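The values are calculated or read from the model by the stated rules, or taken from the named source; none is laboratory data. The structure presented is a predicted model; accordingly, all values stated were derived computationally and were not measured. Cβ atoms come from the backbone with ideal geometry, glycine included; neighbour counts cover every protein chain shown. Ligands, DNA and RNA are stripped out before the accessible areas are found, and what is left, the full protein with its side chains, is counted by its heavy atoms. Shrake-Rupley method; radii C 1.70, N 1.55, O 1.52, S 1.80 Å.
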Amino acid sequence: MENYLTRRGFVRTAAAGSAALTWLGTRRAPTVFAAGADKPALLGGTPVHKGGWPKWPDWRESWEPEIVDVLRSGRWCCAGGGGQVADFEAAWAKLLGAKRCMATTSGSTALIISMHVMGVDAGDEVITSPFTFIATYNTILTLKALPVFADTDPATLTMDPASIESRITERTRAIMPVHIYGLPCDMDPINAIAKKHKLAVVEDACQAWLGEYKGRKCGTLGDLGCFSFQNSKHIPAGEGGAVTGNSDELLDRCQAYHNCGRSFGTFKGSGYFSHGTNYRMMHYAAALLRQEIDKLVSDTKRRQENADHLTAGLKEIPGIQPVRLPENSRAVWHLYAFRYDADQFHGLSRGKFIRALRAEGVPASGGYHEQYNDGLLDEAINSRGFKRLFTAERLKAYRDSFQELKGNKQVCETTVGVFHTLLLADRSDMDHIIEAIRKIHAHSAALAT
Ligand SMILES: Cc1ncc(COP(=O)(O)O)c(C=O)c1O
């Protein structure tokens with residue numbers, strides 16, 4: 001089924017097109033282009049993009065029979081193994097080049113299982129990125145462990161490896177790098193630090209399906225990798241998740257834990273049942289996910305090509321800083337994000353820049369904010385449990401340490417992004433995004449007043 005919204009073709013005049021091309025080839029402000037540019041839509045001009053954007057999720061009618069088959073089989077859950085869930089697990093592992101995969105109910109539960117299996121326990125500390133969806137913080141808190149934040153590198157938007165070691169204490173048990181927006185973290189130094197300090201590495205790859213770091217897929221770079229298949233994700237099942245890894249021993253333990261603690265494979269645990277819970281995926285979700293794999297591969301290629309085109313255009317606009325990727329890496333762009341420097345836009349605030357962009361027909365938003373100031377972590381550290389598990393000095397030092405996250409503050413204040421669905425549109429639509437930002441830049445003095 002073709003679910004794209006109808007998009008009205010954008011008719012560009014030859015004059016505007018050549019002016020835009022001329023400008024793209026230069027480094028400085030678009031004086032020629034600016035003189036001929038339309039008024040910004042926010043000031044009453046015509047929006048650059050007048051059509052819609054691809055909608056999400058997007059499915060195929062041909063996927064429906066297998067889902068109906070699950071319904072008619074009466075075998076809807078995966079207790080006992082086999083069936084659609086096992087088929088999806090095998091396909092996902094193969095796609096990623098991982099030895100094993102285990103499907104779960106969500107990305108959050110994949111992270112909880114992985115940390116549990118890697119020995120994260122009440123009173124431990126896990127070093128992670130503050131620039132992430134709140135689920136990352138919450139999964140660590142669920143285990144009654146403390147999420148300790150490494151700083152964010154403003155150039156990459158991911159965990160700055162240089163900020164990790166100073167955060168390690170005798171309680172630190174694991175590092176959880178987050179490949180946010182599908183941007184691969186710089187895993188070599190992270191893994192080296194983990195090895196040196198004997199720490200586990202659990203990758204939060206919940207936004208990084210098929211992201212690549214030095215030729216290997218995100219989710220296969222640490223001890224265990226975790227994915228989310230929630231509705232907004234590039235391969236959605238409504239809800240769902242997966243753990244991937246290369247160790248049979250670890251994956252057997254994951255299997256046991258997510259299946260109410262039933263012993264599995266090499267993991268005999270403490271008898272038939274060990275400590276565990278139910279985080280099993282349903283066969284419906286697996287049937288959908290397995291059939292979505294080919295589409296994920298082709299969509300990823302399209303997003304990457306369009307993102308490359310956007311980067312080439314946007315990097316020429318003063319005040320727009322595309323993200324830097326680690327060497328020999330490929331992002332998959334859950335959000336196409338860049339950093340915005342208001343000084344280069346006559347002081348136009350990021351909020352108003354985003355409003356101006358939306359008025360041009362480009363739905364944009366800011367990135368994550370400084371969520372550690374929101375109260376969630378105060379709620380945790382003021383709880384009875386955390387007060388029992390950590391000393392008052394440690395909890396105070398922990399709270400104070402949020403002030404040190406200077407890179408993250410900068411990232412939170414200056415990031416702008418567009419959702420991955422925009423990258424599934426046509427190449428000419430990417431030109432609209434570039435043109436809209438160029439137009440805002442050209443008129444930033446008027447917009448800023
Ligand atoms: C970075 C990150 N981590 C964890 C999660 C949790 O995944 P789920 O919503 O499937 O529980 C998400 C989901 O949005 C995420 O984006």
Problem set entry | Rounded if a/c under 1.5, otherwise prolate or oblate - the stretch 184-304, Cα gyration tensor axes | oblate
Seminar exercise, completed: Zone reached by a paramagnetic label modelled 7 Å from ASP188 Cα along Cα→Cβ, restricted to the stretch 144-167 with backbone N below 16 Å, covers 161-162
Problem set entry | Extension gain, ALA448 back to ASP87 (0.36 nm per residue minus Cα-Cα distance, nm) | 124.4 nm
Problem set entry | Extent along principal axes [Cα atoms of the stretch 331-447; Å; largest to smallest] | 58, 32, 22
Problem set entry | trypsin sites (Lys or Arg not before Pro) restricted to the stretch 145-175 and DSSP loop, no more than 16 other C-beta within 10 Å | ARG171
Exercise. Going by a ≥ b ≥ c, the root eigenvalues of the Cα gyration tensor, does the stretch 287-353 fall in the rounded group (a/c under 1.5), the prolate group (a/b larger than b/c) or the oblate group?
Worked result: prolate
Seminar exercise, completed: To the nearest 0.05, the calculated FRET efficiency linking LYS268 and LYS406 through their beta-carbon distance, R0 being 41 Å, is 0.25
Seminar exercise, completed: Stretched fully, the stretch from SER247 through GLU413 gains (0.36 nm per residue minus C-alpha distance, one decimal, in nm) 55.8 nm
Seminar exercise, completed: Among PHE390, PHE133, PHE88, the residue with the largest mean-square fluctuation in a Gaussian network model of the chain built from Cα contacts under 10 Å is PHE390
Exercise. What percent antiparallel are the DSSP beta bridges of the chain, to the nearest 5?
Worked result: 65
Exercise. If the convex hull of the alpha-carbon atoms of the chain is projected onto planes in all directions, what is the mean projected area in square nanometres?
Worked result: 22.7
Problem set entry | Coil-residue chymotrypsin sites (Phe, Trp or Tyr not before Pro) of the stretch 261-328, DSSP, other Cβ within 10 Å capped at 13 | TYR272
Exercise. Can you tell me the Rg and the Dmax, both Å, for the Cα atoms in the stretch 34-129?
Worked result: 23.5, 69
For this session: Using only Cα atoms, figure out Rg for the stretch 147-240 and give it as a multiple of 2.2 N^0.38 Å.
Result: 1.08
For this session: Determine the per residue accessible area of the stretch 165-238 with all protein chains present and a 1.4 angstrom probe, expressed in square angstrom.
Result: 32
For this session: Taking the convex hull of the Cα atoms, report for the stretch 177-227 its projected area averaged over all directions, in nm².
Result: 2.9
For this session: Using the 2.2 N^0.38 Å rule of thumb for compact globular proteins, work out how the stretch 264-379 stacks up: its C-alpha Rg over that value, please.
Result: 1.64
Exercise. Taking the alpha-carbon centroid of each part, what is the distance from the stretch 139-163 to the stretch 378-449 in angstrom?
Worked result: 13
